[in-house]
2 protein chains.
Amino acid sequence: MKFSSRLPIAVHTLLVIEVFKGQYKITSDFIAGSVGVNPVIIRNILIQLKTANLVEVAAGIGGATLKKSPQEITLLDIFHAVEADESLFHIHEHPNPDCLVGRNINSILYTHFDKIKKTVEQELNSITLQSLLEQVK
Amino acid sequence: MKFSSRLPIAVHTLLVIEVFKGQYKITSDFIAGSVGVNPVIIRNILIQLKTANLVEVAAGIGGATLKKSPQEITLLDIFHAVEADESLFHIHEHPNPDCLVGRNINSILYTHFDKIKKTVEQELNSITLQSLLEQVK
DNA sequence: AAATGTTGTAAGTATTGACATTACAATTAA
DNA sequence: TTAATTGTAATGTCAATACTTACAACATTT
């Protein structure tokens, strides 16, 4: 079980946008310099954040800005924006339907895993970008 | 963010051991038939479960049995047994230490992610193998 | 209108991890 | 000894992730 690195990068991106707004033009190159990855990675993440209505990106001239206030953006919003795959858990497998266990395992595990997922989402939702900003300073 | 399929397979394995004990000899082949994977996968997972003191495997003659009662085994025990990588979250990255955000991002995210991890572990710990057994029947 | 800087996007490569498969020595009971 | 099974190594395959290069589209500035 593991988060991809997209959530951390997206959070980092949003923090940079807000911390340095006004001072610098926040281009994908600028963000990439702080995060330490290729600018294309940042552009792709910006597209996802834009689709989720969290940021605005100026095509041509360049520069990204937040579209909501930091109080209104939670880690869950960011998580949903960049982790397209909602399936958190492997329920895959091809269990044997002729076996009592194989027949039931997936629905049983799914029930429990889904509950855990909801708990995680609840926690992510309780953390705002604003609180992270305050921790940065 | 995603579980590997090792936890589901390990749970499936333990359930098969307990459900069919006495009726059949529970070999890696037998378990593999119910799970729907290669027997070697099961053997490797059995080794991990054995190391965690959850099962006993008879070398040579074959057959696996539980080493604790189903009430004493929780999903967290199984999780720890098979998910060696405890790092749940990507804190990797190489953020720029010369940037205010880059300098602080990892410790901030780590704090929050660690709290979420503890919550997940708490939930996993509340689910016993016994309760899963009851759901199978 | 041209030059400049940036975004949007595609394509190719590399790396990693998970899982599958084959093979065989070691082990144990019959 | 024979037969069945485990323990373990080696190899192959596949998907996901990330890195990089490249360039057309776009908007501002000159």
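Laboratory data are not the source of any read-out in this text; all were calculated from the coordinates shown. Please read all numbers here as calculations on a predicted model, not as lab measurements. No Cβ is skipped: glycine too gets one built from the backbone with ideal geometry, and neighbour counts run over all protein chains shown.
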To the nearest 20 debye, what charge dipole does the stretch A:6-136 have about its Cα centre, counting +1 at the Cβ of each Lys and Arg and -1 at the Cβ of each Asp and Glu?
-> 300
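Grab the other residues whose beta carbon is less than 10 angstrom from that of A:THR128, score K and R as +1, D and E as -1, and report the net. Don't skip to the answer; put the middle values down first.
On the way: positive: none; negative: A:GLU72, A:ASP77, A:GLU134.
In short, -3.
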If the label for A:ASP98 sits 7 angstrom from Cα along the Cα-to-Cβ line, what are its distances to the same label in every other copy, in nm to one decimal, shortest first?
-> 6.7
Total lysine pairs under 16 Å (Cα atoms) in the stretch A:1-69, excluding pairs fewer than 8 apart on one chain | 5
Pop out the ³J(HN,Hα) list for the stretch A:71-76 in order, Karplus 6.51 cos²θ - 1.76 cosθ + 1.60 with θ = phi - 60°, rounded to Hz; leave Gly and Pro as x.
-> 5, 8, 10, 10, 4, 5
By Cβ neighbour count within 10 Å, fewest first, B:SER5, B:SER69, B:SER34 rank B:SER69, B:SER5, B:SER34
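For the stretch B:6-136, how big is Rg over Rh, using alpha carbon atoms and the Kirkwood form of Rh? Spell out each step's value before the answer.
Numbers: Rg = 18.9 Å, Rh = 16.6 Å.
So for the stretch B:6-136, dividing Rg by the Kirkwood Rh gives 1.14.
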Which whole number in µm²/s is D for the protein assembly as shown by Stokes-Einstein, with the Kirkwood Rh taken over Cα pairs at 4 °C and 1.567 mPa s?
-> 63
Lys, Arg +1 and Asp, Glu -1 on Cβ, resulting dipole of the protein assembly as shown about Cα centre, debye, nearest 20 | 100
